[in-house]
Structures are given as C-alpha cells and as structure tokens.
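Colleague: A single structure is presented below for examination.
The values are calculated or read from the model by the stated rules, or taken from the named source; none is laboratory data. Quick caveat: nothing in here was measured; it's all calculated off a predicted structure. Glycine gets a Cβ as well: all are built from the backbone with ideal geometry, and neighbour counts include every protein chain shown.
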C-alpha cells in the first residue's frame with residue numbers, strides 16, 4: 001500500500017509540474033522577485049547547489065522541504081550571503097520535530113541593498129535639466145520572504161514536505177506622469193504568497209536517493225499595470241555516496257549529486273556537485289552550475305563539532321566564482337545549531 005502511495009504521489013507531482021512548465025513557456029524572462037533564486041545555505045551552494053535529494057535537516061527548508069523530516073529534535077540556522085554588487089542576503093530558520101506527527105519549521109530571508117538613488121522622469125529635457133530626470137534623493141528597497149513548512153516521513157524510504165511563504169517587496173514611492181500630463185504619486189509595494197513542494201525517495205540500493213521539488217509557485221503579482229509571477233522552477237535530482245562500493249573507506253563519504261532544473265524564466269539548467277566528508281567532522285565541497293550567467297564554479301568547506309551537552313554546531317563556508325569579471329565573487333557563511 002505504501003508503494004502505491006509513493007508511486008501515485010510521484011505521478012501527480014510529475015503531471016502538475018508538466019502543466020506548470022507548459023503554462024509558463026510564454027513567460028520566459030518575465031518573472032519578478034528574483035531574490036528568491038539566490039541560494040541559501042553554504043553547504044548546498046558549495047557543491048554547486050546540487051543535492052535536493054541529499055539535503056537533510058533545517059537547510060532543506062530553502063531547497064526541498066521533504067528533507068526537514070530528518071530533523072531529530074530541534075535545529076536553528078543563520079546564514080549570511082555576500083552577493084554581487086555589494087548586495088547581501090540574510091536568512092534564519094528554526095525547526096522542531098514532533099516525532100510521528102512530522103516536523104515544522106519557520107524561515108525568513110531578507111535582502112540588504114543599501115541606499116539607492118531615486119529619480120523621476122522630467123517633463124522636458126531642456127533648460128537646467130539636461131539629464132532628462134529629476135533627482136529624488138535616495139531610498140532603501142526591501143525584499144523579504146517568511147515561510148512556514150511541514151514535512152513528514154510516509155515510510156523509511158519516502159518523505160514529503162511543503163512550505164507556504166509570504167512574499168513582500170517595497171521599492172518606495174514615486175511620481176508618474178499620466179497621459180494627460182497630470183502627475184500621480186504611487187507606492188511600489190508588492191505582496192503575495194508562494195508554495196514549495198518536495199519529495200525524497202530512497203529505493204533501497206545503498207545510499208541512492210531521488211527527489212523532486214517545485215519552488216515559488218504563486219499567483220501573478222502586480223505593481224501598476226503589468227503582472228508577473230515569482231521565479232517558479234521544477235527540479236529533479238539524484239545523489240549517492242560513491243564510497244558505498246568501498247567497504248574499507250567506511251569512515252568517509254563522497255556524495256555525488258546531480259540536479260536538473262526547469263526554471264520559469266530561463267532555459268534548462270544542470271547542477272553537479274561533490275561533497276567529501278571525513279568522520280562526520282570535516283567536509284570539502286565543489287560543484288559546477290551549467291547554463292548560468294554568473295557563478296558557474298563553486299567550492300566550500302564545513303566543520304561539525306559536538307559539545308558535551310549533546311548539542312552539535314555546524315559551520316559551512318562557500319565561495320562562488322563570478323566568471324564574468326564584472327562583479328565580486330560571492331561567498332556565504334552558515335551556522336547551524338543541532339539539539
């Protein structure tokens with residue numbers, strides 16, 4: 001009966017994702033709220049953002065909520081991402097397991113753009129206004145997302161999870177010139193909700209795992225006239241510890257992860273990653289993201305330390321090569337506390 005449930009769920013997810021893919025072919029390069037596509041958690045980013053089938057614990061809330069089912073008790077996570085062009089992203093999450101009921105988690109991400117120059121369109125390009133715009137001072141944009149997630153193990157081989165997020169953007173106010181020459185002050189604020197769904201399946205062959213996820217499914221979002229959607233994407237991934245074939249190397253693991261991605265606003269992508277772990281204490285990672293404008297090659301490292309109280313502290317660092325020569329190379333630092 002459980003096998004029938006698992007197969008049925010995968011079939012439904014495939015059908016739904018195929019509908020989403022066909023529906024959004026007309027919206028290539030038309031999504032908004034692009035901050036939702038920036039990777040959160042240095043562990044995943046360090047291995048090329050590959051491994052939706054291998055992500056376990058609290059960081060799964062940002063990639064595949066099905067992985068939250070692996071939380072044993074409680075976890076807290078904080079992450080800082082130094083992104084391109086002096087932009088940074090902060091994130092935090094908390095998860096708690098209720099045994100057979102499932103695991104709940106809350107998450108938040110917010111962007112820091114600093115102060116930007118505000119302008120409005122000038123009525124004429126003449127006299128003292130040769131630039132064609134009016135300087136309106138500075139403003140501070142706001143992008144944030146707050147989520148509530150739930151995950152549960154249907155069986156030892158199959159986990160499911162979902163997350164609903166509140167999305168908020170505030171790009172300040174400005175004055176627009178109407179067709180009749182009059183002006184109108186408008187607030188550039190957008191609010192919406194998005195849905196993430198995910199599964200992880202272990203077929204029973206060594207550590208092999210399969211996963212599927214849908215991220216950022218939302219209704220259209222509108223500022224003034226034109227509507228746009230959040231950056232919806234559908235992912236399929238598989239992973240395995242390739243050292244499973246070498247019994248004498250049981251104190252180490254080498255995770256190989258591959259994710260195929262169908263995004264709403266770009267052509268298909270592929271993420272490939274390797275993650276080496278020694279004794280569960282030290283990790284080295286690298287990965288490559290195919291078909292991205294920036295940040296193709298990634299690398300990272302991590303350490304995990306157990307305290308006498310039983311709490312574990314996990315710290316991960318990732319580094320991404322810009323590749324264009326136009327921006328700084330992004331890096332991310334993540335700290336997790338496992339109780």
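Colleague: Residues being in contact with a helix residue (DSSP H, G or I) (Cβ under 9 Å, 6 or more places away or on another chain) and assigned to a loop (DSSP other than H, G, I, E, B): count how many of those fall in segment 39-63.
Modeller: Of the residues in that region, 12 qualify.
Colleague: Sticking with this one: Looking only at segment 131-181, how many residues end up being assigned to a strand (DSSP E or B) and in contact with a helix residue (DSSP H, G or I) (Cβ under 9 Å, 6 or more places away or on another chain)? Spell out the reasoning first.
Modeller: Our first condition is that a residue be assigned to a strand (DSSP E or B); within segment 131-181, this holds for 133-139, 142-153, 158-177.
Filter once more, keeping what is in contact with a helix residue (DSSP H, G or I) (Cβ under 9 Å, 6 or more places away or on another chain): 143-145, 147, 149-153, 158-163, 165, 167, 169.
Counting residues in segment 131-181 that are assigned to a strand (DSSP E or B) and in contact with a helix residue (DSSP H, G or I) (Cβ under 9 Å, 6 or more places away or on another chain) gives 18.
Colleague: Could you list, in sequence order, the residues of segment 320-339 that are within 19 Å of residue 297 (Cα to Cα) and in a loop (DSSP other than H, G, I, E, B)?
Modeller: 321, 322, 323, 324, 325, 326, 327, 328, 329, 330 - these are the residues of segment 320-339 that are within 19 Å of residue 297 (Cα to Cα) and in a loop (DSSP other than H, G, I, E, B).
Colleague: So residue 31 passes all but one of these: (1) under 27 Å from residue 88 (Cα atoms); (2) modelled with pLDDT under 95; (3) assigned to a helix (DSSP H, G or I). Which condition number does it fail?
Modeller: Only one criterion is unmet by residue 31, namely (3).
Colleague: Hey, another quick one. Consider segment 196-214. How many of its residues are free of Cβ contacts under 8 Å to residues at least 60 places away in the same chain and buried (at least 16 other Cβ atoms within 10 Å of the Cβ)? Write out each step before concluding.
Modeller: So the first thing to find is which residues in segment 196-214 are free of Cβ contacts under 8 Å to residues at least 60 places away in the same chain, and the list is 202-208.
Filter again for buried (at least 16 other Cβ atoms within 10 Å of the Cβ), leaving 202.
Residues in segment 196-214 being free of Cβ contacts under 8 Å to residues at least 60 places away in the same chain and buried (at least 16 other Cβ atoms within 10 Å of the Cβ): 1 in total.
Residue-wise test of (1) surrounded by 13 or more Cβ atoms within 10 Å (Cβ to Cβ); (2) at negative phi; (3) at pLDDT 90 or above.
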site: 80; (1), (2), (3): yes, yes, yes
site: 95; (1), (2), (3): yes, yes, yes
site: 102; (1), (2), (3): yes, no, yes
site: 109; (1), (2), (3): yes, yes, yes
site: 127; (1), (2), (3): no, no, no
site: 132; (1), (2), (3): no, no, no
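Colleague: Could you grab me the full set of residues in segment 163-184 that are farther than 26 Å from residue 112 by Cβ and in contact with a strand residue (DSSP E or B) (Cβ under 8 Å, 6 or more places away or on another chain)? Steps first, answer last, please.
Modeller: First, pick out the residues of segment 163-184 that are farther than 26 Å from residue 112 by Cβ: 175-184.
Scanning segment 163-184 gives 175, 176, 177, 178, 183, 184.
Colleague: Restricting attention to segment 322-337, and to residues there that are loosely packed, with under 14 Cβ neighbours inside 10 Å and free of Cβ contacts under 8 Å to residues at least 60 places away in the same chain, which single residue is nearest to residue 84 (Cα to Cα)?
Modeller: The first filter runs over segment 322-337 and keeps only residues loosely packed, with under 14 Cβ neighbours inside 10 Å, leaving 324-326, 328.
Restricting the remaining residues to those that are free of Cβ contacts under 8 Å to residues at least 60 places away in the same chain gives 324-326.
Numbers: 324: 11, 325: 11, 326: 9 Å.
Within segment 322-337, the match that is nearest to residue 84 (Cα to Cα) is 326.
Colleague: Which of the residues belonging to segment 297-321 are buried (at least 17 other Cβ atoms within 10 Å of the Cβ) and free of Cβ contacts under 8 Å to residues at least 40 places away in the same chain?
Modeller: 304, 314
Colleague: Also: Only one residue in 108, 66, 93 is in contact with a helix residue (DSSP H, G or I) (Cβ under 8 Å, 6 or more places away or on another chain) and part of a strand (DSSP E or B). Which one? Before you say what the answer is, go through the steps one by one.
Modeller: Details: 108 fails: in contact with a helix residue (DSSP H, G or I) (Cβ under 8 Å, 6 or more places away or on another chain); 66 fails: part of a strand (DSSP E or B).
Result of the check over 108, 66, 93: 93.
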